[in-house]
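This report concerns only the one structure given below.
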Amino acid sequence: MRTSTRRSHRVAAFAAIAALATGLLAGCADDSGDSSSDSNGGGGGKGRTELTIGTFGVFGYKQAGLYNEYMKLHPDITIKENVTTRTDVYWPKVLTRLQAGSGTDDIQAIEVGNITEAVQTQAAKFVDLGKEVDTSQWLPWKSAQATTKDGKTIGLGTDVGPMAICYRKDLFQKAGLETDRTKLAAQWKGDWAKYAALGKEYMKKAPKGTKYVDSASSVYNAALGGAAERYYDKDGNVIWDKSSGVKSSWNVAMDVATSTMSAKLKQFDKPWDQGFANGTFATVACPAWMIGYIEQKSGESGKGKWDVAAAPTAANWGGSFLGVPTASKHQKEAVALAKWLTAPEQQAKVFAKQASFPSTPSVYASLKPQADTTAYFSNAPITQIFSDSAKTIPVQYFGTKDQPINSAITDIGILQVEQKGKTPDQGWNAASKEIKDVLGQ
């Protein structure tokens, strides 16, 4: 799941590059500050009604010219975007204003990590957008994330982060492994444990100074991203200690952590970035938006060495929604703008600018990566791989403590095994203690 730190690092990368039709996923925020900043849509907009839209990072609407386009179509409307760099600052501020019933923007962006909290505790504070749109335009699992038990849809989907495996085919070749993306995907299809098993084969003849994968935590998150069961069930009950998805994802992470195949790098830290440039690891779990990140961090020397294969299971990492608070002073106009910004045609335009992967499958067939990006990744059918994944991701249920539970497992449990030499049981016990504290048990 995309956390605030991950998103802000992700978006920083996309400010510097243009991958997949000029970049592959929304967002270009810097992680350097927590304060809010305002940015007008620019041009047009001398209308009588000013609509504000609160976002975190960069969603690409201004960059793709959508605000200007909408204001030209609606001369009576002016759009003002209020940007907060970090989601861990943005969301608490939104919650405070929702609870106060005032001070919200006319449209509020909601990150996937916060959508369950919004659905379960703030649904009454948002307009039911399901009455305004045909929700079948979106991926079913995406719409389900923003829908209450009684059928109220509080947010319209923006981007998603379907999963693949990005790999260095030159390192695979030196290790004597299959390099063809289709044959390789067939070797690990359906089971992340097969992906880890291939890592043990890689290490037998690994090129000097290289590892199979960047970290055990990244494998855990990728595997869990495709599991039907996470930390909560559909009724909102905590099941982290009984979840089949958590168990299988933990087991494969332990296979990685207790072997020699991991580079033991923390994602988005400087050593991880350097690992791309130096060819330190041969594979990485790769949501659509990471294509651009890899292209930037690996640089010119990585061109033609990277390839993309389907992941063992369809999985998702990332995504957001647009909601309209009932406190909006211009509710009708805000609903119209939210519908327009998230419509398939506009999602395709944002993809064409900085390639947020759309949550509206009707445009998938028309999405084409930039020629330079296709060449960089060995002419892999990138959009086909990601769209196939997006269409088959299972509906997952998130809870209000999803992020801290996940952090306890990855940043405490897995880290203790991978970097401190603890046993899997010791790592699990340490994570469990933290989770119980988080849940007040």
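Skipping prolines and chain starts, which residues have an amide H placed within reach, meaning under 5 Å, of the one on F56, given they are 5 or more residues away or on another chain?
T84
With θ set to phi - 60°, apply the Karplus curve 6.51 cos²θ - 1.76 cosθ + 1.60 along the stretch 247-260 and write out the HN-Hα couplings as whole Hz, x wherever there is a Gly or Pro.
4, 5, 5, 5, 4, 5, 5, 5, 4, 6, 5, 9, 10, 9
For a quick check: with amide H placed at 1.01 Å from N, whose amide H comes under 5 Å from V127's, ignoring anything fewer than 5 positions away on the same chain?
V324, T326
With n ≥ 4 as the cut-off for DSSP H runs, can you work out [θ] at 222 nm for the chain, using -39500 (n - 2.57) per run divided by the number of residues, rounded to the nearest 500?
-12500 deg cm²/dmol
Using Cα atoms only, what is the angle between the long axis of helix 344-354 and the major principal axis of the chain, expressed in degrees (0 to 90) to the nearest 10?
With both axes taken from Cα atoms, the answer is about 60 degrees.
Express in nm, to one decimal, how much length is gained between A277 and T392 on full extension, taking 0.36 nm for each residue of separation and deducting their alpha carbon distance.
Here the segment from A277 to T392 would lengthen by 38.2 nm.
Report, in degrees rounded to the nearest 10, the 0 to 90 angle that the Cα long axis of helix 112-121 makes with the longest principal axis of the chain.
So the helix axis and the longest Cα principal axis differ by about 50 degrees.
Could you put K62, K93 in order, starting from the residue whose Cβ has the fewest other Cβ atoms within 10 Å? Can you show the working numbers first?
Working: K62 20, K93 14.
By the 10 Å Cβ count, ascending, the order reads K93, K62.
Which cross-chain or sequence-distant (5 or more) residues have an amide H under 5 Å from the amide H of V160, H modelled 1.01 Å from N in plane?
Excluding prolines and chain starts, which carry no amide H, the hits are F357, S359.
Can you give the percent of C-alpha pairs in the stretch 287-441 whose distance is more than 22 Å?
Working: 7327 of 11935 pairs.
Value for the stretch 287-441 (Cα pairs over 22 Å): 61 percent.
Would you mind listing how long the stretch 60-174 runs along its three principal axes, going by Cα atoms, in whole Å with the largest first?
61, 38, 32
On C-alpha positions alone, give me the angle between the axis of helix 331-342 and the longest principal axis of the chain, in degrees, nearest 10.
Once rounded, one gets 30 degrees.
Report, in cubic angstrom per residue, the convex hull volume of the C-alpha atoms of the chain.
127 Å³
Considering only DSSP beta bridges whose two residues both sit in the chain, what percent are antiparallel, to the nearest 5?
Counting DSSP beta bridges with both partners in the chain, the antiparallel share is about 70 percent.
The numbers here are math on the coordinates, done by the rules we state, and not lab data. Treat the numbers as computed from the prediction; the structure is a model and nothing was measured. Using ideal geometry, Cβ is built from the backbone for each residue, glycine included, and neighbour counts are taken over all protein chains shown.
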